[in-house]
Each structure stands twice: as C-alpha cells, then as structure tokens.
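Trainee: After the structure tokens below, expect a handful of questions from me.
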Amino acid sequence: MPWGLALGGLLLVVAGVVGYFAVVLLLAGRLAAVRSGAVPNWILIAMGIGLTVLAVRRAPNRWVPKGLLGVNVVLAGFFAHLLYVATTVPAAPGPARGALAPAFELSDQKGQVVRLSDFRGTPLLLVFYRGHW
Amino acid sequence: MVVDPVETNAELARNAGLDFPILSDADLRTTDAYGLRHRDGHDGHDIALSASILVDGNGIVRWTHVARNLRVRPSPADILAAIDTLGATP
C-alpha cells in the first residue's frame, strides 16, 4: 500500500509542523524546550519523510508517492527556514561579564521607581523582552 | 524590562498574576546602556533584544544570555545553574 505509506508520511510531517505552532501559541510557557529545540517536531518530520521515501521505493513508477515526498521536502524546508532563518535577530554582545552593570532608574508596573542600586547585596536577574504584546 | 508603557505592564502583571517588577524603558535608555537595542525590531519600532542578565550583589554582571533567535530563550535550568555559580565565588 504505497499510497497509505505516503499519505501517512504526509500526515506525520504536517503534524510536526502544525504541532510546533500549537506548542508555541498555546503552551509556550510550559514547553519552552520544544519551542527552543523543536526536537519532537523534527523527529515527526524525519519519520514522515522516511515513510514517503519508503512509499516511492515500493512503487517507483507511481507519481503520487513522489509528489507527496516532494510536498514533504518542501514543508520541511519551509519549517527549517522559519526556525533558523526568518526568526534570527541581529547579534549583540550585551554587557560584558565581570563589568559593572549599567545603573538604571525606571518605573515598575505600579508606577514606583526602581533602581539597580535597590538590589545591592542580593543577586538580580534582569530580563529584557520584546514587548508589544 | 520592556519598551511598553507602565499601563501595559500593569495590565500584563494583572492578567498573568506576576508580582515581580516589570520595568518600563520606553525611551530605550537602559536598553542602550546594556547594548541591547534591536533597531526596527517590531513594525518599524526599535525594541529590546530578548536577553537575560544576572547581576550579583555587588552590581557585577556575572552571566548573560542574548537571544539570536526569536524562539530561543535560556531554560530555567540554565538560569538556576548560573545563579548557583554566584554562591561558589561571591
């Protein structure tokens, strides 16, 4: 059943790609490792491409398995582009380790002024995020 | 730290139930001081790059992570490991 194999392969690849967006949009906070590494998604995609390759080998003269293999490769390429090219941001070194952290004086969400010096004597994690949510 | 105004941060803190300070750096002065401006990062506006900076009790930068990709953030385990090193060499 090369058609069944090829179709199963396509479904796996689609599940890998669509599943990634489901994780990012719905569960990003709980599955940060999947968001960063996308390892389960790539495993699904590799399995899907493997199934379509198998389907092409079993029925080398049929065009449907070949077409679905092509679709799978394009989908994988699109996914790779999105993950590793389109979402890249400019490189910046940030502050040097071992240097004094630059002082700041900013308002918190209650309108109260917060200074770096308020945290003297205690470790402080500063998180810069992109905002515009 | 974020370019969003205080009111936006108040809403975020309320909606997400956050009790740590969310600081508004609307003019990007602090973002620039930390070398983290992302020019044209959002619809033609300048914003901050995603970054985590660990500062020790003496105000010294001890660990940094500046994201090169929108998707990638340091894991809680990475950050906790960095915090653990502070105790080792105070």
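Trainee: Return a yes/no flag: does the stretch A:4-20 have any residue that is free of Cβ contacts under 8 Å to residues at least 12 places away in the same chain, under 14 Å from the mean Cα position of the chain (by Cα) and assigned to a helix (DSSP H, G or I).
Mentor: Scanning the stretch A:4-20, I find at least one residue that is free of Cβ contacts under 8 Å to residues at least 12 places away in the same chain, under 14 Å from the mean Cα position of the chain (by Cα) and assigned to a helix (DSSP H, G or I), so the answer is yes.
Trainee: Does B:Ile53 satisfy the condition of being more than 12 Å from the chain's Cα centre (by Cα) and not polar (S, T, N, Q)?
Mentor: Values: more than 12 Å from the chain's Cα centre (by Cα): no; not polar (S, T, N, Q): yes.
No, not satisfied.
Trainee: Which ones in the stretch B:43-87 are open to solvent by less than 40 Å² (accessible area, probe 1.4 Å), within 22 Å of A:Tyr84 (Cα to Cα) and β-branched (Val, Ile, Thr)?
Mentor: B:Ile47, B:Thr64, B:Val66
Trainee: I would also like to ask the following. Quick one: which of A:Ala86, A:Ala96, A:Ala91 is open to solvent by 40 Å² or more (accessible area, probe 1.4 Å) and in contact with a Lys or Arg (Cβ under 7 Å, 6 or more places away or on another chain)?
Mentor: A:Ala91
Trainee: When the residues of the stretch A:64-83 are filtered to those that are open to solvent by 70 Å² or more (accessible area, probe 1.4 Å) and in contact (Cβ under 8 Å) with a residue 24 or more places away in the chain, which remaining residue is farthest from A:Leu51 (Cα to Cα)?
Mentor: A:Phe78
Trainee: Still on this structure: Could you list, in sequence order, the residues of the stretch B:44-60 that are of a type outside the set (Asp, Glu) and facing chain A (nearest Cβ under 7 Å)? Explain how you work it out, then say what you get.
Mentor: Narrowing the stretch B:44-60 to residues of a type outside the set (Asp, Glu): B:44-45, B:47-55, B:57-60.
If the condition is that a residue be of a type outside the set (Asp, Glu) and facing chain A (nearest Cβ under 7 Å), then B:Ile47, B:Ala48, B:Leu49, B:Ser50, B:Ala51, B:Ser52, B:Ile53, B:Leu54, B:Val55, B:Gly57, B:Gly59, B:Ile60 are the ones that fit.
Trainee: When the stretch B:24-43 is examined, which residues are found to be assigned to a strand (DSSP E or B) and at the interface with chain A (Cβ under 7 Å from one of its Cβ atoms)?
Mentor: Start the filter on the stretch B:24-43 by keeping residues that are assigned to a strand (DSSP E or B), which leaves B:24, B:37-42.
Within the stretch B:24-43, B:Ser24, B:His38, B:Gly41, B:His42 qualify.
Trainee: Which residue pairs have Cβ atoms closer than 7 Å, lie 6 or more positions apart in sequence or on different chains, and pair a first residue in the stretch B:61-74 that is without any contact (Cβ under 8 Å) to a residue 40 or more places away in the chain and facing chain A (nearest Cβ under 7 Å) with a second residue that is surrounded by fewer than 18 Cβ atoms within 10 Å (Cβ to Cβ) and in a strand (DSSP E or B)?
Mentor: The qualifying pairs are B:Arg68/A:Thr88; B:Asn69/A:Thr88.
Trainee: Check off (1) at pLDDT 95 or above; (2) β-branched (Val, Ile, Thr); (3) under 25 Å from A:Leu31 (Cα atoms) for B:Ile79 and give me the number that stays unchecked.
Mentor: (1)
Trainee: Pairs please, first residue from the stretch A:98-116 and at the interface with chain B (Cβ under 7 Å from one of its Cβ atoms) and touching a residue at least 24 places away in the same chain (Cβ under 8 Å), second anywhere and in a strand (DSSP E or B) and among the aliphatic types (A, V, I, L, M), Cβ atoms under 9 Å, 6+ apart in sequence or on different chains.
Mentor: These pairs meet every condition: A:Ala101/A:Leu124; A:Ala101/A:Leu126; A:Ala101/B:Ile53; A:Ala101/B:Val55; A:Ala101/B:Ile60; A:Ala101/B:Val61.
The values are calculated or read from the model by the stated rules, or taken from the named source; none is laboratory data. It should be emphasised that the depicted structure is a prediction, and the values quoted were computed from it without experimental measurement. With ideal geometry, Cβ positions are generated from the backbone for all residues, glycine too; neighbour counts draw on all protein chains shown. Heads up: the accessible areas ignore ligands, DNA and RNA and are worked out on the full protein's heavy atoms, side chains in. Shrake-Rupley method; radii C 1.70, N 1.55, O 1.52, S 1.80 Å.
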